[in-house]
Amino acid sequence: MTVGLDHDTLEMVLDSINMFAEGRLPEKVLLELDHEDTFPEDIVRGMCGDELGVSLLFIKEEHGGMGGGSFDGYRVCEKLAHIDVGIATGVLATFLGSDPIVFGGTEEQKLRWLGAIAEQGLIMAYGATEPEAGSDLASMKTTADRIEEDGEIVGYRINGNKQWISNGGYADLYTILALTPDGPTWFVVDRGTPGFDHGAPEDKHGIRLSNTAALSLMDVEVTPDRVVGLVEGQGLAQAQAVFGYTRLMVAAFGLGAGWSAMDRAIPYSAARIQAGGPLSEKQGFTHKLIVPHVCRLEAGRAYIEETAARLDEGEEKLNTEGAIAKYVSTEAGNAAAEASIQALGGYGYTKEYMVEKIKRDVKITTIYEGTSEIMEMTISRDRWQQHLKTRGAYYADLATELDALHRTDPTCGADIAALAHRALAAVMETARANRLTRNQHLLFRLGELIANVECSAALARRAAGATAGTLSPKANLRLEPPALAAASRVFAREAARRVAQDGVAQALGVADPGTLDPAALRQAVDVDRILAAQVGLADDMDTVSTALYAAVAD
Ligand SMILES: Cc1cc2nc3c(=O)[nH]c(=O)nc-3n(C[C@H](O)[C@H](O)[C@H](O)COP(=O)(O)OP(=O)(O)OC[C@H]3O[C@@H](n4cnc5c(N)ncnc54)[C@H](O)[C@@H]3O)c2cc1C
């Protein structure tokens, strides 16, 4: 059974977005809006509402939408961010704003507000962050006091401030997190409610086509039917419930923006002649500034696609997976954009060539919906528990599965990914035996290693699936199977090398002097095999490079 849109409908939606952008958001317009720091309200409203109807995608059919799934959401978010992360943010803010209702609202509330988004193209904002409560939402101060008459709750009075709210100055409808006597609770608040105001647009580093504003709530009165789910105290649980999904969407932003930068650097370097030939023929250029970034982006994509498919199959509680997808894809997107500036040299450093803007824009993806450091913590804490619960078998078992995959498809990089998994298990076991995760530094660095190692497995599975022709028809195959397999081997080598070098060094770095034997640790991690697996790296990078440049020559 197809969950969400069928393949043809999804392609039609993506084509419509492309056509809309070509007509209304050519590069010249994007650069002007960025320069003038302007939120193009009519364009965002047109995209969400009657011109494109992107908001319909995320609303179920019974509430008036198209009933798109997570996989569809990822493809659309990637496409939007490939155009402009600011515009994508303006569109996503409506999904974010409505998510507490989607996940926690009563059926009546869904019909009322999701129906209004579908019918009237309302735009929404999601008000969680406060001046003193960002990563740590539990320290929020906005309150919602009960208004009682004859012992019955007849309303709530909301007081407080929200910070950095996307669409904050323009939304028709806001979801606001506030503390009731029974705990954090989401409220739906209309624009124009007395006492509810917004600040001036923030003057931001990037995503200057999005509106970001502070909100102030002074004695804002709402009726009890505005409590999402009609029960107080569910707010943080509802916010947690959407993370697996929303972080996947931001992951897709990182992917889209990173590829958007690469899609400029690759043709540029095919045409740019230096030292007697095009830059695209110089390994010193391609193997630093292009190929590793494409491999990392594709590793992020592999993880996004697997997680989206699992969500569409009805799995819940994929917050760690959402965090891994977001962490790897947004860091890869940010690094790819940085490399693209370098790839264009002096031209890249000017405003005219877009990569400078993309770099400023994509940075936000490593900050909002949970910073990269919070992702590291989330990933590490969860997988640490798995390591303890399984007495160290968690990654060893996954390595065994990868060995089996390698026997089926010896080209997909699963053997190297298996080495990375075993090395990770060894570093984690060393950390357990020596109580090293008392150091927050190691815990967070493990989060980074874990995310990369898990992505190496996802990319190996995806490469094998591409070769076997078993990927979802909705998958976005940017590289043909042989090049994807080469990219998988490149990425797996990097993931394994990072565990062998950084994992070992970080464990030694936090251990009490004299308690860890470097040679024994290197042996446990099997550094020599990981180094031996680096053989063939340059050939694989050549394969990826050739495929990328052949695609632009077509
Ligand atoms: C352009 C923009 C749009 C946004 N849109 C929205 C929106 O629509 N709705 C909304 O509710 N919010 C929104 N946000 C807020 C965003 O989600 C927060 O900025 C983000 O969660 C980080 O919170 P903070 O800015 O308070 O940083 P802090 O939490 O103060 O973090 C500062 C630094 O410390 C690190 N850090 C924090 N805690 C820890 C810890 N425990 N251990 C180690 N390091 C830590 C962080 O990783 C970061 O590097 C937006 C922000 C921006 C800039």
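The values are calculated or read from the model by the stated rules, or taken from the named source; none is laboratory data. This is a predicted model, so every value here is computed, not measured. In this analysis, Cβ positions are derived from the backbone assuming ideal geometry, glycine residues included, and neighbour counts consider all displayed protein chains.
Scan region 378-413 for residues that are surrounded by fewer than 18 Cβ atoms within 10 Å (Cβ to Cβ), within 16 Å of the ligand (Cβ to nearest atom) and of a type in the set (A, V, I, L, M, F, W, C) and the total you get is 0.
For residues in region 539-554 being at pLDDT 95 or above and of a type in the set (A, V, I, L, M), which is surrounded by the fewest Cβ atoms within 10 Å (Cβ to Cβ)? Ranking the candidates gives A550 first. Candidates are the residues of region 96-116 that are among the hydrophobic types (A, V, I, L, M, F, W, C) and under 19 Å from N167 (Cβ atoms); the one that is nearest to the ligand (Cβ to nearest atom) is L96. Those helices (runs of 4 or more DSSP H) of region 16-89 in which at least 1 residues are aromatic (F, W, Y) and either more than 17 Å from S166 (Cβ to Cβ) or more than 24 Å from the chain's Cα centre (by Cα) (or both), considering only elements entirely within it, cover 70-83.
Within region 113-144, the set of residues being within 19 Å of D50 (Cα to Cα), in contact with a helix residue (DSSP H, G or I) (Cβ under 9 Å, 6 or more places away or on another chain) and not in a strand (DSSP E or B) comprises W113, L114, G115, I117, A118, G121, L122, I123. Restricting attention to region 171-187, the residues being of a type outside the set (S, T, N, Q) and more than 12 Å from the ligand (Cβ to nearest atom) number 9. One residue stands out among those in region 414-471 that are in a helix (DSSP H, G or I) and basic (K, R): the one that is surrounded by the fewest Cβ atoms within 10 Å (Cβ to Cβ), which is R438. Residues that are polar (S, T, N, Q) and either surrounded by fewer than 24 Cβ atoms within 10 Å (Cβ to Cβ) or part of a strand (DSSP E or B) (or both) within region 168-217 comprise T175, T180, T185, T193, T212, S216, listed in sequence order. Where helices (runs of 4 or more DSSP H) sit wholly within region 296-376, those with at least 1 residues that are more than 12 Å from the chain's Cα centre (by Cα) and on the phi > 0 side of the Ramachandran plot occupy 345-348. Q163 fulfils the conditions (1) within 10 Å of the ligand (Cβ to nearest atom); (2) not in a strand (DSSP E or B) except for a single criterion, (2).
Only one of the numbered conditions (1) near the ligand (Cβ under 9 Å from one of its atoms); (2) touching a helix residue (DSSP H, G or I) at 6+ places or on another chain (Cβ under 6 Å) is not met by A93, and that is (2). Looking at A505, A496, A520, just one residue is crowded, with 17+ Cβ neighbours inside 10 Å and assigned to a helix (DSSP H, G or I), and that residue is A496.
Of all the numbered requirements in (1) within 16 Å of the ligand (Cβ to nearest atom); (2) of a type in the set (K, R); (3) at pLDDT below 95, K351 misses one, and that requirement is (1).
From the list A463, A458, A418, A425, the lone residue that is touching a helix residue (DSSP H, G or I) at 6+ places or on another chain (Cβ under 9 Å) and free of Cβ contacts under 8 Å to residues at least 24 places away in the same chain is A418. The one condition from (1) surrounded by fewer than 19 Cβ atoms within 10 Å (Cβ to Cβ); (2) within 23 Å of T307 (Cα to Cα) that A486 does not meet is (1).
Say we look at region 218-246 and pick out the residues that are at positive phi and outside any helix (DSSP H, G or I); which of these is farthest from the ligand (Cβ to nearest atom)? Among those that are at positive phi and outside any helix (DSSP H, G or I), it is D219. A single entry from I158, I123 fulfils the requirement of being closer than 19 Å to H63 by Cα, in contact with a Phe, Trp or Tyr (Cβ under 7 Å, 6 or more places away or on another chain), within 16 Å of the ligand (Cβ to nearest atom) and touching a residue at least 24 places away in the same chain (Cβ under 8 Å): I123.
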